[in-house]
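Participant: Structure in structure tokens, see below.
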Amino acid sequence: MIDDVRKTYGDLRAVDGVSFGVGTGEFFGILGPNGAGKTTTLEIIEGLRSPDSGSVSLLGRSPWPRNRELLPRIGVQLQASAFFERLTAREQIRTFASLYGVGTTSGDAWLARVGLDDKGDTQTSKLSGGQLQRLSIACALVHEPEVVFLDEPTAGLDPQARRNLWDLLSSLNDDGRTVVLTTHYMDEAEMLCDRVAIMDKGSILELDSPTALIRALDAAVRISIAPNVLALADARQVDGVDAASADDSSLTMTTRDPAAVMSDLARRGALTGLQVRGATLEDVFLTRTGREYRA
Amino acid sequence: MSAFRSLSVAILKGYLRDKQAVFFTVFFPLMFLVLFGGIFSDQSQSKLELTQVGNVSLIDQMPQATRDAFDDAFEVTKVDDVQDALDRVRDGDSAVAVEQRGKEIVVHYSDADRVQSSVAQGTLQSFVQTANMAATGMVPMFTYTSERVEDESLQTIQFVTPGLLGWAIATSATFGAAATLVGWRSTKLLRRLRLAPVSTRSLVVARIGVTVLIAMVQMVIFVGLAVALFGLELAGSWWMAVPLLVCGTLSFMALGLLAGAVSNTVEGATSLANIFVLPMAFLSGSFFPLDGAPRWLDVVSHTLPLRYLNDGMLDVMVRGKGPEAALIPIAILLGFATVVLLIASRFFSWETD
Ligand SMILES: Nc1ncnc2c1ncn2[C@@H]1O[C@H](COP(=O)(O)OP(=O)(O)OP(=O)(O)O)[C@@H](O)[C@H]1O
Ligand SMILES: [Mg+2]
């Protein structure tokens, strides 16, 4: 889909040689911290910006300059919700529907699908952040596009609202639609995406399915127990433990053989407050950049 | 609904629900119309106050025809005491006081308001002459009739309606264009619309269409109210005001686009629009006629589009000129719109950054 795309703003290399392809029907994620270049990459693919170099092909065509034949086939949710002033939610989506030449029924159906039919008569200035995000997703989808781009659809939502939105998002590619989404959240990418590109400072660090990325890490499993059940020195002696550390709230052991550790801990009767955490995309980020992941 | 129509509807609803915009573009100028129309409408026909002391045969025994003319000119108050009458003149309640001493008509006046008192004296003198003439039984050799050049009904309302309408339209078109451009750009709606399959042309035409529609509604309200309440009388080719207003709207939208193109925030754009519009309205004779204005002001005001719109509307709506009187203002307004649009497009960008 895109090949060796670069974009600089002055001295800043916002997108620095990014290449990837997305298959039809795939759920593709771009994951990265603030300023990684996710939005810029997305906007170049959508045709809002021209790349300084490199080529982009969207559904077999070039999105730049503005290609009005391509536009009905793609749907876009921008990072900031963009609405008409002083219209209600229903009027917004119906207006967008007619811009794409689809009827009002489709607008109303999408409003219901994102759970906003009871807010249909509320002006958008009076909707909450989560409601606005959902409306803006609905507006991106009213014309049933083949490819949909969502720029941080869950930004600014509380954990509960994020999880609710995940249900909606994961259903988007049920009928063969291609979804490209950016996110700050590791768990979100793990949960939703078929493949994830981890992006930092304008380039892609890793690109694979979340499970493959984690497996390739061969990362240690972390097992933690309540702090005063076991002395730190003893913990280092537990079968299979590579390293151990303690803080006020827990004692954590890392291991590549969790089964051995667990049975030894059971023998020592030290299972109080047990928690087991496998490697996550965060660990992938950590190993690749040497930096802790901070969204 | 077609994309074009639904865009227009969305823009129109956005405007109608913006109470502040509706107030400042429609009701605020209307308040001025009511103010000017109500306060000053009878100024041109206002009568001179005259205080009559006791009996004055010149006035009391006038033939009916003369008496009617006299009543048109003077508002007579009768008092019995000379002192009262003099007080009224001194206080400015009366332009003159008239008393008869035998065959002598004595007029008391104050120098405080020389214009009023001299007009009153002159007028009174002419009535004395007429009475003398009648007393001699001579047929006068000359008679005197004065006629105004303009439509006889020309009053304050005739002047202020086109001017205030011009101001109202300048306000709504300039602010509408500026706020839409900056607002849509800063909320990223403009970018969102670039990703929808609508042509830039339908976007622009929808915005212009709505503004022109608003201008037409403003015209109907203004002229309707002025005709119904304040006796505005429209001259024959008033309908030429319609194309004038359309072209005026284009000019002012171009100004608004320029304001929107050079500023990044809605506040910035609207204050810039204010800096354009309000002085322009003053200098273009929207609030007072420029007939007696100094030469430099006249020159300055002829660089402003509103001046041409106001003049054009005055010509066709009240001065009774033919439809062709609007053609030059229309050409100038269109030229202005084109030039300003070209300048604005040099500053224009799709995004705020
Ligand atoms: N229009 C612009 N002009 C100059 N610099 C820009 C512009 N847009 C983005 N940048 C810079 O490019 C870099 C990448 O920005 P981008 O918006 O693509 O990041 P992002 O990954 O989407 O970040 P976020 O998670 O905060 O949305 C940032 O350092 C940003 O400051
Ligand atoms: Mg972004």
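Participant: When a/c is below 1.5 the answer is rounded, else prolate if a/b is larger than b/c, else oblate, so apply that to the stretch A:220-278 with a ≥ b ≥ c taken from the square roots of the Cα gyration tensor eigenvalues. Don't skip to the answer; put the middle values down first.
Facilitator: Details: a/c = 1.34, a/b = 1.18, b/c = 1.13.
Because its axes are fairly even, with a/c under 1.5, the stretch A:220-278 counts as rounded.
Participant: If you fit an axis through the alpha-carbon atoms of helix A:104-113 and take the longest principal axis of the Cα set of chain A, what angle between them do you get, 0 to 90°, nearest 10?
Facilitator: Its long axis makes an angle of about 10 degrees.
Participant: Something else: Once both labels are modelled 7 Å past Cα along the beta-carbon direction, what's the B:Arg101-A:Thr211 spacing in nm?
Facilitator: 12.4 nm
Participant: Once you list every other residue whose beta carbon is under 14 Å from the beta carbon of B:Arg5, what net charge do they have if Lys and Arg are +1 and Asp and Glu are -1?
Facilitator: Local charge sum for B:Arg5: +2.
Participant: For chain B, set up a GNM with springs between Cα atoms under 10 Å and report which of B:Glu75, B:Glu104, B:Glu324 has the largest fluctuation.
Facilitator: Result: B:Glu104 has the largest fluctuation of those listed.
Participant: Hey, another quick one. Can you list the DSSP H helices in chain B whose Cα atoms extend at least 27 Å along the helix axis and whose mean Kyte-Doolittle hydropathy is 1.6 or higher? Working shown, then result.
Facilitator: Working: long enough: B:114-136 (33 Å, 0.06); B:156-186 (44 Å, 0.87); B:200-230 (44 Å, 2.05); B:241-262 (31 Å, 2.07); B:327-347 (31 Å, 2.30).
Membrane-span-like by this criterion, though nothing is claimed about a membrane: B:200-230, B:241-262, B:327-347.
Participant: To continue, here is another question. Output the relative contact order of the stretch A:2-215, whole-number percent, from Cα pairs under 8 angstrom with separation of 6+ residues.
Facilitator: Rounded, it is 30 percent for the stretch A:2-215.
Participant: Normalise the Debye intensity by I(0) for the stretch B:1-106, one equal point scatterer per Cα, no solvent, then take log10 at q = 0.14, 0.20 Å⁻¹ and round to two decimals.
Facilitator: Relative scattering, expressed as log10 I(q)/I(0), comes to -0.71, -1.03.
Participant: Continuing with the same structure: Could you tell me what percent of the DSSP beta bridges with both partners in chain B are antiparallel, to the nearest 5?
Facilitator: Working: 6 of 15 bridges.
In chain B, approximately 40 percent of DSSP beta bridges are antiparallel ones.
Participant: Run the simple label-point estimate for A:Val276 and A:Ser263 please: 7 Å along Cα→C-beta, distance reported in nm.
Facilitator: Once both label points are built, they end up 1.3 nm from each other.
Participant: Relative to the Cα centre, what is the charge dipole magnitude of chain B, using +1 at the beta carbon of each Lys and Arg, -1 at the beta carbon of each Asp and Glu, and rounding to the nearest 20 debye?
Facilitator: Computed charge dipole of chain B: roughly 2680 debye.
Participant: Still on this structure: Take every Cα pair under 8 Å in the stretch B:58-145 that's 6+ residues apart, average their separations, divide by the length, and report that relative contact order as a whole percent.
Facilitator: Relative contact order for the stretch B:58-145 comes out at 20 percent.
Participant: If you don't mind, there's one more thing I want to ask. For a paramagnetic label modelled at 7 Å from the Cα of B:Asp18 toward its Cβ, which residues of the stretch A:77-108 fall within the zone defined by backbone nitrogen distances under 13 Å?
Facilitator: Only A:84-87 fall inside the zone, counting backbone N under 13 Å.
Participant: Using the beta-carbon distance between B:Lys47 and A:Lys201 and R0 = 51 Å, what value does 1/(1 + (r/R0)^6) give for FRET efficiency, to the nearest 0.05?
Facilitator: So, using R0 = 51 Å, E works out to roughly 0.05.
Participant: With equal scatterers on the alpha carbons only and no solvent term, can you work out the Debye log10 of I(q)/I(0) for the stretch A:2-215 at 0.09, 0.10, 0.11, 0.13 1/Å?
Facilitator: -0.34, -0.42, -0.52, -0.73
Participant: Quote the FRET efficiency, to the nearest 0.05, computed for B:Arg5 versus B:Ser349 with a Förster distance R0 of 30 Å and r equal to the Cβ-Cβ distance.
Facilitator: Efficiency computed from Cβ-Cβ geometry: 0.60.
Participant: Hey, another quick one. Collect residues whose amide H, placed 1.01 Å from N in the peptide plane, falls under 5 Å from the amide H of A:Thr122; neighbours closer than 5 in sequence don't count.
Facilitator: Distant-sequence amide H within range of A:Thr122: A:Ala89, A:Arg90.
Participant: If I fit a long axis through the Cα atoms of helix A:129-141 and take the longest principal axis of the Cα atoms of chain A, what angle between them do I get, 0 to 90°, rounded to 10?
Facilitator: The angle comes out at about 60 degrees.
Participant: Quick one: Debye curve from the C-alpha atoms of the protein assembly as shown, no solvent, what's log10 I(q)/I(0) at q = 0.07, 0.12 Å⁻¹?
Facilitator: Computed log10 I(q)/I(0) values: -0.67, -1.21.
Participant: Which loop-located GluC sites (Glu not before Pro) does the stretch A:30-126 contain, where loop means any DSSP state but H, G, I, E or B and the Cβ has at most 16 other Cβ atoms within 10 Å?
Facilitator: Details: sites: A:Glu43, A:Glu46, A:Glu69, A:Glu85, A:Glu91; in loops: A:Glu69, A:Glu85.
Answer by residue number: A:Glu69.
Participant: Can you give the angle from 0 to 90° between the axis of helix A:89-99 and the longest principal axis of chain A, with both taken from C-alpha atoms, to the nearest 10?
Facilitator: Helix A:89-99 sits roughly 60 degrees off the main axis of chain A.
Participant: To continue, here is another question. In whole angstrom, how long is each semi-axis of the equivalent ellipsoid of the stretch B:48-136, when you take the square root of 5 times every eigenvalue of its Cα gyration tensor and sort them from largest down?
Facilitator: In descending order the semi-axes read 21, 14, 12 Å.
Participant: While we're on this one: What is the antiparallel percent of DSSP beta bridges lying wholly in chain A, to the nearest 5? Please report the intermediate quantities before stating the final value.
Facilitator: Numbers: 29 of 47 bridges.
Counting only bridges with both partners in chain A, antiparallel ones make up about 60 percent.
Participant: Per DSSP H run of n ≥ 4, the term is -39500 (n - 2.57); total these for chain B, divide by its residue number, and report the mean residue ellipticity at 222 nm rounded to 500 deg cm²/dmol.
Facilitator: Calculated mean residue ellipticity at 222 nm is -21000 deg cm²/dmol.
Participant: A further question follows. Summing +1 for each Lys or Arg and -1 for each Asp or Glu, what net charge is found among the other residues whose Cβ lies under 12 Å from the Cβ of A:Ala279?
Facilitator: Cβ neighbours under 12 Å give a net charge of 0.
Participant: I've got another one for you. Obtain the nm distance between the two label points defined at B:Ala293 and A:Asp175 by a simple spin-label model: each point lies 7 Å from its Cα along the Cα-to-C-beta direction.
Facilitator: In this crude spin-label approximation the distance works out to 6.3 nm.
Participant: FRET efficiency for A:Ser50 and A:Asp239, Cβ-Cβ distance as r, R0 = 56 Å, nearest 0.05?
Facilitator: On the way: r = 59 Å, r/R0 = 1.06.
For A:Ser50 and A:Asp239, the calculated efficiency is 0.40.
Participant: As an exercise, take the mean of 1/r over every pair of distinct alpha carbons in the stretch A:59-134, invert it, and state the Kirkwood radius in angstroms.
Facilitator: Taking every pair of different Cα atoms in the stretch A:59-134, averaging 1/r and inverting gives 13.5 Å.
Participant: Sticking with this structure for a sec: Work out from phi, with θ = phi - 60° and the Karplus expression 6.51 cos²θ - 1.76 cosθ + 1.60, the ³J(HN,Hα) of each residue of the stretch A:57-66, listed in order in whole Hz, and give x for Gly and Pro.
Facilitator: 10, 10, 6, x, 10, 8, x, 10, x, 2
Participant: For the full complex of protein chains and a 1.4 angstrom probe, list B:Thr161, B:Thr77 by accessible area with the highest value first.
Facilitator: Heavy-atom accessible area, descending, gives B:Thr77, B:Thr161.
Participant: Which pairs break 20 Å Cα to Cα here: A:Lys38/B:Lys188; A:Lys119/B:Lys13; A:Lys119/B:Lys188; A:Lys126/B:Lys19; A:Lys126/B:Lys13; B:Lys47/B:Lys103?
Facilitator: Over 20 Å apart, Cα to Cα: A:Lys119/B:Lys188; B:Lys47/B:Lys103.
Participant: Might you report the magnitude of the Cβ-based charge dipole of the stretch A:220-278 about its Cα centre, with Lys and Arg at +1 and Asp and Glu at -1, to the nearest 20 debye?
Facilitator: 120 debye
Participant: So, with +1 on the Cβ of K and R and -1 on the Cβ of D and E, and no other charges, what is the size of the charge dipole of the stretch A:2-215 about its Cα centre, to the nearest 20 debye? Don't skip to the end; give the middle numbers.
Facilitator: Working: 22 positive and 30 negative charges, 97 e Å.
It works out to roughly 460 debye.
Participant: B:Asn264 to B:Leu225: extension gain in nm, 0.36 nm per residue of separation minus the Cα-Cα distance?
Facilitator: Values: separation 39, 0.36 × 39 = 14.04 nm, distance 3.85 nm.
Result for the pair: 10.2 nm of gain on full extension.
Participant: Of the beta bridges DSSP finds with both residues in the protein assembly as shown, what % are antiparallel, to the nearest 5? Working shown, then result.
Facilitator: Working: 35 of 62 bridges.
Just about 55 percent of them are antiparallel.
Participant: Determine the sum of side-chain charges near A:Leu59: Lys and Arg each +1, Asp and Glu each -1, restricted to other residues whose C-beta is under 13 angstrom from that of A:Leu59.
Facilitator: 0
The values are calculated or read from the model by the stated rules, or taken from the named source; none is laboratory data. Bear in mind the structure is a predicted one, so any value in this text is a computation, not a measurement. We place every Cβ from the backbone using ideal geometry, glycine too, and count neighbours over all the protein chains shown. SASA here: full protein model, heavy atoms, side chains in, ligands and nucleic acids out. Shrake-Rupley method; radii C 1.70, N 1.55, O 1.52, S 1.80 Å.
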